[in-house]
1. Being under 28 Å from the mean Cα position of the chain (by Cα), aliphatic (A, V, I, L, M) and either surrounded by 10 or more Cβ atoms within 10 Å (Cβ to Cβ) or at pLDDT below 90 (or both) narrows it down to one residue among Ala122, Ala142, Ala85; which is it?
2. For Asp117, are the conditions met, namely being outside any loop (DSSP other than H, G, I, E, B), at pLDDT 90 or above, among the acidic types (Asp, Glu) and open to solvent by 90 Å² or more (accessible area, probe 1.4 Å)?
3. List the pairs whose first member sits in the stretch 15-27 and is free of Cβ contacts under 8 Å to residues at least 40 places away in the same chain and outside any strand (DSSP E or B), whose second member is of a type in the set (Val, Ile, Thr) and open to solvent by 40 Å² or more (accessible area, probe 1.4 Å), and whose Cβ atoms are under 6 Å apart, counting only residues at least 6 apart or on separate chains?
4. Pull up the stretch 6-20, narrow it to residues that are over 15 Å from Glu53 (Cβ atoms) and within 46 Å of the chain's Cα centre (by Cα), then point me to the one that is surrounded by the fewest Cβ atoms within 10 Å (Cβ to Cβ).
Amino acid sequence: NRQGFGGRKCDQCRTNYWGNPSDNSCRPCNCDPQGSSTQQVDELMNQIDEFLEESGASPADIRSLATDVLSKGISLRPEQITDLARRNNDTFSSLTSIDAILAETSGDLASAKALKDRADTAKAHAQGILTVVQQVLDSLVAAKAAQDKAEEAIQTADKDISAAVSHL
């Protein structure tokens, strides 16, 4: 807010100031702080104007909402509504102490973090074992391929030996 100006849009001179706000001339009047009743009335009028200028529900909006609420059927007895309100208040009041809740659950949080760390370590160890198993499988596949080639070579050699023996 600019010094001496009031109203929602700074379009009025505040109490104990005078001038024309439209040409930026709200100046202190050096009046008695108790002021005259006119100044107090002016200040009250400014506050009322500011309130009325604020955005909010219109009377038509309020009437429409009231009609909607009144048309709803409430199946609760007054004592049930009172009990429900009391339980809501109890719940809300227990939620206001966030620091207490955090303090009460800090041990659980630490335990959860420790378990997560253990799980991450176990996962890393399992990943290492999986890598070794995959290497063993790859080696077995390569050994099988070498064994198949060796058997082929032995069969070819047996045929060659048999052919050589028959030529002798």
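The values are calculated or read from the model by the stated rules, or taken from the named source; none is laboratory data. Note that the structure is a prediction, hence the values are computed from the model and not measured. So basically every Cβ, Gly included, is an ideal-geometry build from the backbone, and we count neighbours across all protein chains shown. Heavy atoms of the whole protein, side chains included, go into the accessibility calculation; ligands, DNA and RNA do not. Shrake-Rupley method; radii C 1.70, N 1.55, O 1.52, S 1.80 Å.
1. Answer to the check: Ala85.
2. Criteria met by Asp117.
3. Matching pairs, first to second residue: none at all.
4. Only one residue tops the list, namely Thr15.
Let's see how each residue does on (1) modelled with pLDDT under 75; (2) open to solvent by 80 Å² or more (accessible area, probe 1.4 Å); (3) not in a loop (DSSP other than H, G, I, E, B):
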{"residue": "Asn30", "(1), (2), (3)": "yes, yes, no"}
{"residue": "Gln39", "(1), (2), (3)": "yes, no, yes"}
{"residue": "Met45", "(1), (2), (3)": "no, yes, yes"}
{"residue": "Asp49", "(1), (2), (3)": "yes, no, yes"}
{"residue": "Ala66", "(1), (2), (3)": "no, no, yes"}
{"residue": "Ser93", "(1), (2), (3)": "yes, no, yes"}
{"residue": "Leu102", "(1), (2), (3)": "no, yes, yes"}
{"residue": "Thr105", "(1), (2), (3)": "no, no, yes"}
